[in-house]
Amino acid sequence: MFARNKLNLIRTGIHPLVMMLVWCCCASAVWGQSTAIRYTPPVLSAASISTQSTELPVAKPAQTNSVLHYTPPQLSARVQTAAPAPLHPDANPFGHSPFSGMQSNPTTRTSGQIQNQLGPVAPNPRAVQPVTEPAAELPRYGLIEPVAVQAPPKPVQPAPKKEEPEYSTKLSEGSFTEYSSHLSLHDEQARPTLYDSRAFIEDPDYSHVPFLPEVDRSPYAGKYLNPTQKPWLEFGRGLYRYGPIPESSTLLGETNLLSPSFLLYGDYRAGMGYINNGTDKGVIANRLNLDFDLKLTDTERFHAFWGPLDKNVSFSRIEFVSGEFDYIDELDDDFDTFYFEGDVGSIYGGMIGEDAPFDMPVAIGFLPLLYQNGIWMEDAFLGAAVTVPAKNSRVLDWVNFDVTFFAGFNDISSPAFVGNGDGQTHLYGATAMIDAYEGYIETGYAYLDDRTTSGRSYHNIALGYSRRIQDFVSTAVRVIVNTGQDSANGIPTADGQLLLWENAFITSQPLTFVPYANFFLGFDRTQSVARAAAAGGILRNTGINFETDGLTGYPTLDATGTNTYGGAVGINWLGKDLDYQLVLELATVQVMKDRQDRNAPGDQYALGVRYQVPLNHAWIFRADAMHGVRDNADDVSGVRAELRWKF
């Protein structure tokens, strides 16, 4: 009986145990997550709720051997946790077993690190050391992390705003690497200046400008080759040739590289015209200008100019007079100029192996010189010139100025002397160009030494000032004075004074529509220092009615300025894209003193027009017409057309 009761008791106890085991196995099969992402919510304390950061924690997963664990952030040193209970090596954090048939994770967990069969790999991110500070423990939550309770943020007091001084002399310096070849040079006269915040304005507002990305990219993506005319001949480096630049030679020094290049370029002019200067005449003339340029370095070259179809001021031409035509040959085999120019500083720097210690451009030979827009000097002669450039004067308040010294010894052209060859006249002088006093100053002095017995030596002085007056006019005033001549025959040839005043008015289209008004006042005989016959008279820049064409013998008003006054007013009108030019002008010359004291026989008036347009990148078409009325002389008129080919 006792044995039977014992057997029933065992059966009664085993049955619920078996049912419980089956239920646990099913639950483990359904809820087991040994290879899934595991989330362990942080354990908060009552004290940590009121002291935690205002920012929400960010979950950071940590991976170890096919098991991806969730590592809760360390919210505060005051977070309270209980020591974790010992886990079975194959159990997950919730105490479940892995799926049946799944290989157990060989990882062994310890309180401070994770170990596997290969040895220690990393500290255990889930190991949390208990905090000894006692605090009430909150109940654990499920799989969803509770929203952190945030304490109200403390009000932030704005930092007191520092008042910036109106002026500041504090200089901020940075650190950078200095190289011996790139040492900065400072002018000893340079001084720090006071900072004035009122000197700066607000940045411009471009919100009203539409955004056009295609237009913004066009300066880079829309580049293309423009058709340009190439020189007749080019050897060596050439002029803007394709491909890489050839390597330069150090024959003249490592800082003055030798890169030879030869260019032959120029232009050809063919013109025809009708001229009535007391006699009706038709002309077809040709002119060829050839420039030979042998470049050695970036600052040294040999240059020559040759006009094979002209001699002095006459050009090879065909003339039609009274129904007959005549061919006049003016071929010339002599070069008009030949000279060397370079920089002494660059040459010396190459010799000593350093960068140019100074700048000093020089030119020597049969060289052309042009100063003050060709008014004071425009001629080619045997001589030399040297320039001291890029200087300034704090005492005189000159921002920048250059000084050029020149001398001439042969072939000096001037109406002041009987001849110009065989060294009959020498000249010595200097000219300066100065940026100062809100404008541009040009000044010069020259002494012309007559080495014959005529006694026509004299001093030639020039002073010019140019500036822009607000948005109204760009003006230039120029004075030329000849003095000191004591002619042997008592008839002076250079004893005058000439005042020139040029004005270009500023309109709403300042680049394409330019009204101008130029005036002159001349006393006695005023001469340029040196003036080639083909350059025209000293009044050439006054207007188109005083300017010859240098080809067909186109007529002009009296351009000597000898005991006369007058001027020219007109309009210089260019196309919107600078694709043509139209000039309309009215000019006059008024005489003073007796007839024998001046060149013009009487008062003169003229109306002139000019039109020119580029046909392509190499050819230009130009046409001129004028009619002049002269007192005590025949009227003059002329019409001409010209084609010019540039190469």
Alpha carbon Rg of the stretch 306-450, scaled by the compact-globule rule 2.2 N^0.38 Å: 1.39
Which trypsin sites (Lys or Arg not before Pro) in the stretch 218-290 pass both tests, a DSSP loop state and at most 10 other beta-carbon atoms within 10 Å? 223
Mind giving me the nanometre distance, one decimal, between the label points for residue 471 and residue 590, set 7 Å out from Cα along Cα→Cβ? 3.4
As an exercise, take the mean of 1/r over every pair of distinct alpha carbons in the stretch 319-403, invert it, and state the Kirkwood radius in angstroms. 16.9
Between residue 612 and residue 329, what's the calculated FRET efficiency when r is the beta-carbon distance and R0 is 45 Å? Round to 0.05. 0.95
Give a quick list of chymotrypsin sites (Phe, Trp or Tyr not before Pro) in the stretch 550-590 that DSSP marks as loop, anything other than H, G, I, E or B, with at most 16 other Cβ atoms within 10 Å. 580
Of the chymotrypsin sites (Phe, Trp or Tyr not before Pro) in the stretch 450-530, which ones lie in a loop per DSSP and count no more than 16 other C-beta atoms within 10 Å? 472
Inter-site label distance for residue 486 and residue 632 at 7 Å from Cα along Cβ, in nm: 3.3
In the neighbourhood of residue 259 defined by beta carbon distances under 14 Å, the net charge of the other residues (Lys, Arg +1; Asp, Glu -1) is -2
For the stretch 459-572, what does the accessible surface come to per residue with a 1.4 Å probe? Please give it in Å². 41
Obtain the radius of gyration and the Kirkwood radius of the stretch 509-647 from its C-alpha atoms and give Rg over Rh. 1.00
What translational D, rounded to a whole number of µm²/s, comes out for the stretch 514-579 from Stokes-Einstein when the hydrodynamic radius is the Kirkwood one over Cα pairs, at 10 °C and 1.306 mPa s? 119
Taking all protein chains together and a probe of 1.4 Å, list 626, 272, 433 from the most accessible to the least accessible. 272, 433, 626
Once residue 220 and residue 641 are pulled to full extension, the length gained, defined as 0.36 nm per residue separation minus their Cα-Cα distance, is 147.4 nm
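The values are calculated or read from the model by the stated rules, or taken from the named source; none is laboratory data. Every value quoted in this text rests on a predicted model; they were computed, and no experiment measured them. All Cβ positions, even for glycine, are placed from backbone atoms using ideal geometry, and neighbour counts span all protein chains on display. The accessibility values were calculated without ligands, DNA or RNA, using every heavy atom of the protein model including side chains. Shrake-Rupley method; radii C 1.70, N 1.55, O 1.52, S 1.80 Å.
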